[in-house]
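Read through the structure below, which is laid out as structure tokens, and then see the notes.
No value in this document is a laboratory result; all are computed from the given coordinates. Computed from a predicted structure; not experimentally measured. Note: ideal-geometry Cβ built from the backbone for every residue, glycine included; neighbour counts use all protein chains shown.
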Amino acid sequence: MNVSDSERLEGELQNMGLEKIVETNPKRGALNADVVLVNTCSIRDHAEQKLYDQLGPVAARKRKGEDVAVVVAGCVAQQEGEALLRRVPEIDVVMGPQYVGRVNELLSSATERGGHQVVATDPTLIMEDISKPIRGSKVRAWVNIIYGCNEHCTYCVVPGTRGIEQSRTMESILEEVQTLADDGYKEVTLLGQNIDAYGRDFTPKRSFAELLTYLNNNVEGIERIRYVTSHPRYFSDAVISAIANLDKVCECFHLPFQSGDDEVLKNMRRGYTFDSYMRIINKIKTQAPDASICGDVIVGFPGETEEAFQRTLDLMEAVKFDNLNTFAYSPRPNTEAALWEDQIPDDVKSERLQKLQRLSIQHATERSERYLGEVVEVLVEQTNPKNSDQVMVSKHLDIELLFIRI
Ligand code: 5AD
Ligand code: SF4
């Protein structure tokens with residue numbers, strides 16, 4: 001979501017006549033630019049500290065009297081708001097993720113003659129993508145379908161930083177996907193914090209399964225439709241059969257489970273259990289036996305006992321994921337679980353994470369073996385810049401890149 005926001009921000013800035021500096025090292029880039037924009041993500045780790053480190057050199061330029069504008073966007077901006085201006089007074093604009101489409105307005109009002117610092121963090125209606133994002137790939141593209149999240153998982157910053165759910169209309173999504181297809185794109189990934197919530201804010205309500213069917217049947221030229229990410233509490237039979245049966249929709253399920261222990265799941269406020277999660281997996285395996293199944297998992301959530309952790313490993317054994325995104329719990333600002341006393345020590349978290357990652361790699365390897373000796377269709381992204389005999393392809397949802405000799 002954050003990468004997609006960056007592409008949209010870049011498009012907006014280009015519309016203002018700004019040009020991106022081609023510089024692989026952001027710190028060096030910040031030494032030459034007229035506008036420095038840092039788009040932040042605070043889902044895990046110490047995002048705030050990283051931001052202060054990045055702002056150091058550009059703030060120093062400004063203190064020397066150089067004419068440079070500084071914009072901080074994204075979830076840290078939303079979370080910290082005005083406090084950021086107190087900490088780094090050289091910042092011109094602090095803007096939350098809901099303001100991506102308005103960066104030009106905000107930047108102008110901060111930099112015009114007589115302008116003033118701007119903090120844009122109030123909840124607002126998201127502006128549709130008026131300008132074209134500057135996309136990072138020529139064959140695969142992100143397409144937002146729903147912004148925000150109405151869940152209240154006790155570890156997660158998203159509801160606080162991205163606000164309440166706002167679905168885009170099916171028609172405007174279709175238009176964007178059709179334009180991408182016309183421009184030669186082969187694959188789209190539909191984005192939402194919780195795609196299963198798609199359309200529940202409309203009257204009459206719409207559903208994700210309806211959207212998949214609508215895109216599958218009405219877009220000419222797109223070959224692959226993917227999504228990220230879903231919520232086991234809401235994942236419906238209709239979505240399973242849409243993914244299993246629609247020809248353009250990749251048979252790849254991304255279903256974060258976060259933990260295999262019912263008590264931990266309750267404390268995370270996830271609204272499902274080991275058994276109810278497995279019921280969904282079993283339906284998927286019945287309806288789409290060859291589909292890949294991916295997930296997200298957190299270890300070391302407050303109060304996670306050794307037995308609870310073992311149940312997470314048990315769930316992994318029961319599913320055998322093709323790919324898992326694995327995380328150590330990170331206490332985040334303004335989230336409930338961060339305040340609980342039964343935090344797990346870092347060394348225990350990292351020990352559990354390593355154990356879990358070993359098992360996850362073992363399962364992924366076992367799952368990949370089903371392709372041995374098979375001829376499969378792949379999406380070629382580009383040639384290897386270092387070796388033109390090789391092309392780069394992406395596999396499954398989680399963008400594993402492979403080089404294949406041609
Ligand atoms: N600590 C660790 N992992 C987290 N995630 C979200 N919040 C946290 C946190 N506080 C993980 C979840 C989610 C993924 C995007 O990031 O697994 O599915
Ligand atoms: Fe965060 Fe996902 Fe839970 Fe929403 S559903 S609060 S985005 S973990």
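Out of (1) surrounded by 19 or more Cβ atoms within 10 Å (Cβ to Cβ); (2) within 16 Å of ligand 2 (Cβ to nearest atom); (3) among the acidic types (D, E), the odd one out for D296 is which? If we test D296 against (1) surrounded by 19 or more Cβ atoms within 10 Å (Cβ to Cβ); (2) within 16 Å of ligand 2 (Cβ to nearest atom); (3) among the acidic types (D, E), just (1) comes out false. Pairing each residue of segment 175-199 that is more than 20 Å from D247 (Cα to Cα) and of a type in the set (S, T, Y) with any residue that is in a loop (DSSP other than H, G, I, E, B) and within 16 Å of ligand 2 (Cβ to nearest atom), provided the two are 6+ apart or on different chains, yields C-beta distances under 6 Å for Y198/I145.
Yes/no per residue for (1) within 16 Å of ligand 1 (Cβ to nearest atom); (2) under 15 Å from C75 (Cβ atoms); (3) of a type outside the set (D, E):
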| position | (1), (2), (3) |
| --- | --- |
| L125 | no, no, yes |
| K132 | no, no, yes |
| K138 | no, no, yes |
| A141 | no, no, yes |
| I145 | no, no, yes |
| V157 | yes, yes, yes |
| G160 | yes, yes, yes |
| G163 | no, yes, yes |
| Q166 | no, no, yes |
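Of all the criteria given as (1) part of a strand (DSSP E or B); (2) more than 10 Å from ligand 1 (Cβ to nearest atom), the one not satisfied by T312 is (1).
Could you tell me whether F253 is surrounded by 20 or more Cβ atoms within 10 Å (Cβ to Cβ) and in a strand (DSSP E or B)? Judged against the criteria, F253 is a match. Scanning segment 105-120 for residues that are closer than 13 Å to E82 by Cα and hydrophobic (A, V, I, L, M, F, W, C) turns up V118, V119, A120. I'm checking my understanding of the structure. Among residues of segment 198-241 that are polar (S, T, N, Q) and more than 16 Å from ligand 1 (Cβ to nearest atom), which one is surrounded by the most Cβ atoms within 10 Å (Cβ to Cβ)? Only one residue fits best here, namely S207. No other residue among V71, V58, V38 is under 24 Å from the mean Cα position of the chain (by Cα) and either acidic (D, E) or buried (at least 21 other Cβ atoms within 10 Å of the Cβ) (or both) apart from V71. Filtering segment 12-31 to residues that are exposed (fewer than 13 other Cβ atoms within 10 Å of the Cβ) and closer than 16 Å to R135 by Cα leaves E19, K20, V22. Restricting to segment 234-271, name every residue that is more than 23 Å from L353 (Cβ to Cβ) and among the small types (G, A, S). S236, A238, S241, A242, A244, G271 - these are the residues of segment 234-271 that are more than 23 Å from L353 (Cβ to Cβ) and among the small types (G, A, S).
The set of residues in segment 349-367 being of a type outside the set (K, R), farther than 28 Å from P159 by Cβ and touching a residue at least 40 places away in the same chain (Cβ under 8 Å) consists of L359, H363, A364, E366.
Filter segment 229-269 down to the residues that are within 14 Å of D196 (Cα to Cα) and within 11 Å of ligand 2 (Cβ to nearest atom) and list them by number. T229, S230, H231, P232, R233, Y234, P256, listed by residue number. Checking V88, V100 one by one, the residue that is β-branched (V, I, T), in contact with a helix residue (DSSP H, G or I) (Cβ under 8 Å, 6 or more places away or on another chain) and either over 30 Å from D296 (Cβ atoms) or surrounded by fewer than 19 Cβ atoms within 10 Å (Cβ to Cβ) (or both) is V88 and no other.
Out of segment 155-175, which residues are over 18 Å from M127 (Cβ atoms) and aliphatic (A, V, I, L, M)? Passing the criteria: V157, V158, M170, L174.
Of the residues in segment 280-296, none is within 15 Å of ligand 1 (Cβ to nearest atom), farther than 21 Å from R44 by Cα and part of a loop (DSSP other than H, G, I, E, B). Scan segment 143-153 and give yes if some residue there is within 16 Å of ligand 2 (Cβ to nearest atom), among the aliphatic types (A, V, I, L, M), crowded, with 17+ Cβ neighbours inside 10 Å and not in a loop (DSSP other than H, G, I, E, B), otherwise no. Within segment 143-153 (the criterion being within 16 Å of ligand 2 (Cβ to nearest atom), among the aliphatic types (A, V, I, L, M), crowded, with 17+ Cβ neighbours inside 10 Å and not in a loop (DSSP other than H, G, I, E, B)), the answer is yes, since at least one residue qualifies. Return the total of residues in segment 317-345 being more than 14 Å from ligand 1 (Cβ to nearest atom), surrounded by 14 or more Cβ atoms within 10 Å (Cβ to Cβ) and assigned to a helix (DSSP H, G or I). Final tally of qualifying residues: 1. Please work out which residue is farthest from the chain's Cα centre (by Cα), limiting yourself to segment 168-187 and to residues that are assigned to a helix (DSSP H, G or I) and among the acidic types (D, E). Step by step, filter segment 168-187, then rank; the result is D182. For a quick check of your reading of the model, give me the residue pairs whose first member lies in segment 316-344 and is among the polar types (S, T, N, Q), whose second is more than 10 Å from ligand 1 (Cβ to nearest atom) and part of a strand (DSSP E or B), with beta-carbon atoms closer than 9 Å and at least 6 apart or on different chains. Partner pairs satisfying both residue conditions: N323/S292; N323/I293; N323/C294; N323/E400; N325/C294.
Of all the listed residues (V376, V348), the sole one being part of a helix (DSSP H, G or I) and more than 29 Å from R162 (Cβ to Cβ) is V348. Selection of segment 118-135 for residues being over 19 Å from R8 (Cβ atoms) and surrounded by 16 or more Cβ atoms within 10 Å (Cβ to Cβ) yields only V119.
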